[in-house]
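Working notes, beginning with the structure itself.
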Amino acid sequence: MIVLAFDFALFLEKLILIAVVIFGSLGVALYTTFAERKVAAILQDRRGPNRAGPFGLLQPFADGLKLVFKEEIIPNTSNKTLFIMGPGLAMTAALMTSAVLPWGNKVELFDRTIALQIADVNIGMLYVFAVVSMGVYGIMIGGWASNNKFSLMAALRGASQAISYELAMGLSLIALVMVTGSLSLKTIVEQQMLPGHLWNIAYQPLGFLLFLVCAFAECNRTPFDLPEAENELNFGYHQEYSSMKLGFYLFAEYVNMFISSAIMATIYFGGYDIPFLDESKISPNIAAILGIGALMTKIIIFIFVFMWVRWTIPRFRYDQLMNLGWKKMVPLALANMLLTGAIILWLQGK
Amino acid sequence: MPIHSLLDATVVNTANNYFPIGVQLLFAAGFVATMLIMSALLGPKRKTSDKLANFESGIEITGNARQPMAIKYFLVAILFVLFDVEVIFFYPYAVNFRELGWAGFGAVAMFVGFFIVGFTYIIKKGALIWED
């Protein structure tokens, strides 16, 4: 069969890229937890963690190791298989989204041209949706398997919040697909790099705003962190968890934050495009390094926005959250879609 | 690259394009499983019956969490399935709408009309009222 005859060098190249992307996103997530505490401290006029290592830089490792070496407790009354599956699923789903993101254009190493994207599939955006929806199962299964009333309530809240905002998210992206005409994330970035073509944010400001709000809701970040509303639900859906399983739930949230920042940077802010620079004039390897730097800068700015919002805006009430999601975001996204379509067709003059 | 080839949405994808995704799934699942097993082996094991009881809110537990839940959540889930299918229908249109022109736009405007009728119906029915 021709499908199975594959290039071994290509396989190795992809495997290395996968390892770099997965451990890279874990590393970024690790330091995001640290950055969050530092940002919170700065915003509240405190010092933040500063004991472990210089400026407290080893703090995330200390936290991670502590979680690994803690006693693992599985409550007697819980459903054991599901209890273990929940955090595993949440983490696996969080690590899968990065497969279709283009991290840079390409590098030339050992006479090979290596694309800095794990899989360039023409349904990239749909793939992202599919995997993001899998994240709901992690919350739902974990909350239900705990056999804890608070966890169950938090899981139900989390699940219905996530699916409600997925609807608006899907609708807000349709207008973007109309502009780009493609679902492949690589193509979307390449279009934004074309001379005379602005970043998609210029064509889709409302779409971006809707997507940003949905990203906050999907990541369960304040002001939408209802599943973790500690003053009503103790600790939320991961109340009964301990050790690395708890770590995975908390960590998956940060990986999701990193990935959704990367998605926003890619589809609305030009991905690895460096503004006012023609990448084709410099050598591909330098362009790739600069491009990755540009993408990471954009991602870090978005992650900072996530934190900034968390420490500025209070949490929504549940009915306010659902009203915003269904009665405001969905009609707005529909209107945005129709308006975008009408304007593009009018400009095209067909 | 000229723009018309970029806008060409009919790039053929074969199973080979999806192969790296499978590798990543194995890699991610393997990493997660290794970490879970490692922490299970490395942590201390001094379990007592009090430790293994549900913590819940720290006080003694009354009742069981396996009980009926508010119907609202199920309603939201069903409505999501309903409307998300409609949203997915928009995607093929969005990719091809330049070629379909105003005729296609009219058809989709009609579809959006039906969408809004259904949407208004569920809101008027009070499916999304959370305060009792």
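What follows draws every value from the coordinates through simple rules; no lab data is involved. This is a predicted model, so every value here is computed, not measured. No Cβ is skipped: glycine too gets one built from the backbone with ideal geometry, and neighbour counts run over all protein chains shown.
When the alpha carbon coordinates of the range B:71-125 are projected onto the principal axes, the ranges are 44, 19, 7 Å, largest first.
According to the calculation over all Cα-Cα pairs in the range B:44-101, the P(r) per 10 Å bin from zero is 16, 21, 18, 16, 15, 10, 5 %.
Averaging Cα coordinates gives a centre for the range B:16-32 and one for the range A:83-151; these two points are 10 Å apart.
Cross-link partners for B:Lys124 among the aspartates and glutamates, with Cα-Cα distance under 19 Å and sequence neighbours closer than 8 places in the same chain left out: A:Asp319, B:Asp132.
Name the residue from B:Pro44, A:Ser184, A:Ser146 whose Cα lies farthest towards the positive end of the charge dipole of the protein assembly as shown, charges +1 on Cβ of Lys and Arg and -1 on Cβ of Asp and Glu. Of B:Pro44, A:Ser184, A:Ser146, it is B:Pro44.
Taking the charge dipole of the range A:266-335 about its Cα centre, with +1 at Lys and Arg Cβ atoms and -1 at Asp and Glu Cβ atoms, the residue from A:Trp308, A:Ala287, A:Met322 reaching farthest to the positive side is A:Met322. Can you flag which of A:Lys149/B:Lys51; A:Lys38/A:Lys66; A:Lys38/A:Lys186 are past 25 Å Cα-Cα? In this structure, A:Lys38/A:Lys186 exceed 25 Å between Cα atoms. Can you check what the net charge comes to around A:Arg47, using other residues whose Cβ is under 11 Å from the Cβ of A:Arg47 (Lys, Arg +1; Asp, Glu -1)? With Lys, Arg at +1 and Asp, Glu at -1, the net is +3.
If I stretch the segment between A:Tyr318 and A:Leu206 completely, what's the gain in nm (0.36 nm per residue apart, minus their alpha carbon distance), one decimal?
Difference between extended and current length: 37.9 nm.
Label separation (B:Leu82 vs A:Leu12): 5.6 nm, computed from points 7 Å beyond Cα along the C-beta direction.
Relative contact order, whole percent, for the range A:77-349 stands at 26, derived from Cα pairs under 8 Å and 6 or more residues apart. Using Cα centres only, tell me the gap between the range A:167-191 and the range A:307-331 in whole Å. The range A:167-191 and the range A:307-331 have Cα centres separated by 24 Å. Binning the C-alpha pair distances of the range A:117-180 at 5 Å intervals from 0 yields a P(r) profile of 4, 16, 20, 18, 14, 11, 8, 5, 2, 0 %, listed from the shortest bin outward. On the basis of the beta-carbon distance and an R0 of 35 Å, A:Ala19 and B:Leu100 show a calculated FRET efficiency of 0.20. Computed about its Cα centre, the charge dipole of the protein assembly as shown is approximately 780 debye, with only Lys, Arg, Asp and Glu carrying charge at their Cβ.
Note on chain A: dipole from Cβ charges, positive end direction compared against A:Leu334, A:Leu43, A:Leu194; the farthest Cα belongs to A:Leu43. Considering all C-alpha pairs of the range A:259-350, those separated by over 15 Å amount to 75%.
Spin-label model, A:Asp111 to A:Ile289: label points 7 Å out along the Cα-to-beta-carbon direction sit 2.4 nm apart.
According to the Cα gyration tensor, what semi-axes, each the square root of 5 times an eigenvalue, does the equivalent ellipsoid of the range A:191-237 have, listed from largest to smallest in whole Å?
36, 9, 5
According to the Cα-based calculation, Rg over Rh for the range A:91-238 is 1.07, with Rh computed by the Kirkwood formula. Calculated [222 nm] ellipticity per residue, helices only, for chain A: -21500 deg cm²/dmol; basis is -39500 (n - 2.57) per DSSP H run with n ≥ 4, divided by all residues, nearest 500.
In order along the range A:276-290, the Karplus-derived 3J(HN,Hα) couplings, from 6.51 cos²θ - 1.76 cosθ + 1.60 at θ = phi - 60°, round to 6, 9, 8, 5, 6, 7, 9, 5, x, 5, 5, 4, 5, 5, 4 Hz, and Gly and Pro are given as x.
Summing Lys, Arg as +1 and Asp, Glu as -1, what charge do residues with Cβ under 15 Å from the Cβ of A:Phe69 carry, A:Phe69 excluded? Within the 15 Å Cβ shell, the charges total +2.
Over all alpha-carbon pairs in chain A, figure out the percentage whose distance exceeds 33 Å. Summing the P(r) of chain A above 33 Å gives 32 percent of all pairs. Size check on chain B: the Cα extents along the three principal axes, sorted descending, read 70, 50, 20 Å.
For A:Leu116, the residues whose amide H sits under 5 Å from its own are A:Gly104, A:Lys106, A:Val107, ignoring neighbours fewer than 5 places away on the same chain, with H placed 1.01 Å from N.
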